[in-house]
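Undergrad: This is the structure, below, for whatever I ask next.
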Amino acid sequence: MPQLDFGNPLMIAQIVWLLIIFGVLYYVLATYALPRVEAVLEDRRRRIEGDLEAAQAAKAEADAAIAAHHAATSKARAEAQAAIAAAMQSAQLEAAQRSEALAARLAEQINAAEARIATARDSAMGALRQVSTDTTEALLQRLTGQSEQAAVGPAVDRALAARGLG
Amino acid sequence: MAAESGSIDALSQFQLTPVFGPIGAAVGFSQSNAHMLLAAGLITALIMFGMAARAVVPGRLQSLAEASYEFVYGIVDSQVGHGGKRFFPFVFTLFMFVLFGNMLGLFPYAFTYTSHLAVTFGLALIVFVVITAVALALHGRKFFGYFFPEGAPLWLAPIIVPVEVVSYLSRPVSLSVRLFANMVAGHVLLKVFATFVVMLGALGAVGPFVATLPLAVNVLLIGFEILVAFLQAYVFAILTSIYLHDAVHLH
C-alpha cells in the first residue's frame, strides 16, 4: 500500500506542502473570502429586516385607519338613529296636538249643532201648540158652529202633555 | 496496464509521483500536492468570484458560495454554540478542503489526496493541536480537569483518567483513519470493477455484453462515492466542531 510507505521522501514533502497549502488557504479564506460572504449575508439580513419593519408599520397604519373608519361609521349611524328618533317623536307630538285640536273643534261644533237643534225643536214645539189649537177650533167651528176658545186651549195642553210634547 | 497483465492492481493509483519537472521533484511536490493546490484554488475562486457581484439576490455561483458558507456556519453554530464564531473560518477551511479533495478524486485521472493516511492524519493533527491549544488558552490548568469528571469518586481516578486520556489522544487517529479508509475503500472498489470491465470486455464475442454488468456497478458506485465524499467531509467538520465545543466549554 503506497500510503503506508513512509520511507518515501515524497511522503514527508507531501505533509509539508499540505501544511503550507492549508495554511495559505486558511489565511486567504479567513482574511479575504469569508468576510465578503458575511458582509453580503449581513446586508441582506438587514435589508429584509428593514422591509419587514416597514411592512409592519404599514400594516399598523392600515389597522389604525380601519379602526378610525369603523369608529366614524358607528358614530354616524348612532347620530342618524338619534336624529330619526327625535324627528319621529316630534312628529308624533305634533300629530297628537293636531288631533287633539281637531277633536276639540269638532266637539265645539257638535255642541253648537246640538244647541241649535234644541232651539229649533223648542220653537217647533211652541208652534205645534198654536197649530193644534187653531186646527181644533177650526174643526169645532165646522162641526158645531160655535167657538169654544176657552175650553180648547187647556184641552190641547192636556193632550200635548199626555204625548209628552207640551 | 493492470488488465493487460491479467492481474488487478488497485493500489498503484495511490502512488505518489513528483510533478512540475525537475523543480517539482527537487522540492518533493507530488501530484497529491498539485491536487491540494487545485482544490485550494477552486475553493478560493468559488468564494471570490461567487461573491464578486455582492448581489442582494444571488446568482447561481453566489448561491453556491452562500450555501456552503451557511451550511458550515450552521454546523459550527449548532455544535460549538456560544463563542463558536471565531472558529468558523477554521472549520470552513477544513470542510471545503476535505470536500474538494474527495470530490476532485472522483474525476478520471485525478488523485485523491484524502486517500493518503498521512494527509488525513496531518489534518486531524491540526485539529488536535487547535482544540488543545484553545482549551489550554481558555481554561489554563483547569483544562486537565477534563480528564477527570467532577463528582466522580476519587478512587475511580486510576481508571477514569487513563481512559479519558486515551480517548482524547485517539481523536486524531479515529478522525483520520475514518476519512482515509472510506476514500481508499471507494477508490479500490471503483478500480477493481473498472478492471473487471476491461478483463470481461476482452472475452471474445460475449465479452462486451457481460462487461456492462461491472460497468453498471461502477455507475452506481460513483453515485455512492459522491455521497460518501460529501458525508465524510461533513463528518470531519462536525466532529471538529464537537471537539471545539468540548475545548470551549469543557463538557
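Undergrad: Exactly one condition in (1) within 14 Å of another protein chain (Cβ to nearest Cβ); (2) modelled with pLDDT of 95 or more is not met by A:TRP17; state its number.
TA: (2)
Undergrad: Report, by residue number, each residue of the stretch B:42-54 that is facing chain A (nearest Cβ under 9 Å) and within 18 Å of the chain's Cα centre (by Cα).
TA: Scanning the stretch B:42-54 gives B:ILE43, B:THR44.
Undergrad: Check whether at least one residue in the stretch A:29-39 is among the hydrophobic types (A, V, I, L, M, F, W, C) and exposed (fewer than 13 other Cβ atoms within 10 Å of the Cβ), and report yes or no.
TA: Yes, the stretch A:29-39 contains at least one residue that is among the hydrophobic types (A, V, I, L, M, F, W, C) and exposed (fewer than 13 other Cβ atoms within 10 Å of the Cβ).
Residue-by-condition table, conditions (1) under 22 Å from the mean Cα position of the chain (by Cα); (2) more than 30 Å from B:ARG171 (Cα to Cα); (3) touching a residue at least 24 places away in the same chain (Cβ under 8 Å):
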site	(1), (2), (3)
B:VAL188	yes, no, yes
B:MET199	no, yes, yes
B:LEU203	no, yes, no
B:VAL217	no, yes, yes
B:PHE224	yes, no, yes
B:ALA237	yes, no, yes
B:THR240	yes, no, yes
B:HIS249	no, no, yes
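Undergrad: Considering each residue of the stretch B:58-69, count those that are more than 10 Å from chain A (Cβ to nearest Cβ) and either of a type in the set (Phe, Trp, Tyr) or under 30 Å from B:ILE131 (Cα atoms) (or both), and give that number.
TA: Number satisfying all stated conditions: 2.
Undergrad: A further question follows. Select from the stretch B:70-87 the residues that are within 10 Å of another protein chain (Cβ to nearest Cβ) and either within 17 Å of the chain's Cα centre (by Cα) or crowded, with 23+ Cβ neighbours inside 10 Å (or both) and list them in ascending order.
TA: Result: B:VAL72, single match.
Undergrad: Let me ask another. Failed condition for B:PRO18, given (1) over 19 Å from the mean Cα position of the chain (by Cα); (2) more than 7 Å from every other protein chain (Cβ to nearest Cβ), with all others met?
TA: Against the list (1) over 19 Å from the mean Cα position of the chain (by Cα); (2) more than 7 Å from every other protein chain (Cβ to nearest Cβ), B:PRO18 comes up short only on (2).
For (1) more than 10 Å from chain A (Cβ to nearest Cβ); (2) open to solvent by less than 60 Å² (accessible area, probe 1.4 Å); (3) part of a loop (DSSP other than H, G, I, E, B), each residue gets a yes or a no:
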| residue | (1), (2), (3) |
| --- | --- |
| B:ILE23 | yes, no, no |
| B:GLY28 | no, yes, yes |
| B:ASN33 | no, yes, no |
| B:VAL56 | no, yes, yes |
| B:PRO89 | no, yes, no |
| B:PHE92 | no, yes, no |
| B:LEU99 | yes, yes, no |
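Undergrad: Could I ask something else about it? Could you please tell me which pairs satisfy a Cβ distance under 9 Å, a separation of 6+ or placement on different chains, a first residue in the stretch A:17-44 that is assigned to a helix (DSSP H, G or I), and a second residue that is basic (Lys, Arg)?
TA: A:ARG36/B:ARG54; A:ALA39/B:ARG54; A:VAL40/B:ARG54; A:ASP43/B:ARG54
Undergrad: Here's a check for you: in the stretch A:144-166, which residue that is part of a helix (DSSP H, G or I) and polar (S, T, N, Q) is modelled with the lowest pLDDT?
TA: Ranking the qualifying residues of the stretch A:144-166, first place goes to A:GLN149.
The values are calculated or read from the model by the stated rules, or taken from the named source; none is laboratory data. Note that this is a predicted model, so its numbers are computed, not measured. All Cβ positions, glycine included, derive from the backbone under ideal geometry; neighbour counts span all protein chains shown. Each accessible area value is taken on the protein alone, full model and side chains, heavy atoms only, with ligands, DNA and RNA left out. Shrake-Rupley method; radii C 1.70, N 1.55, O 1.52, S 1.80 Å.
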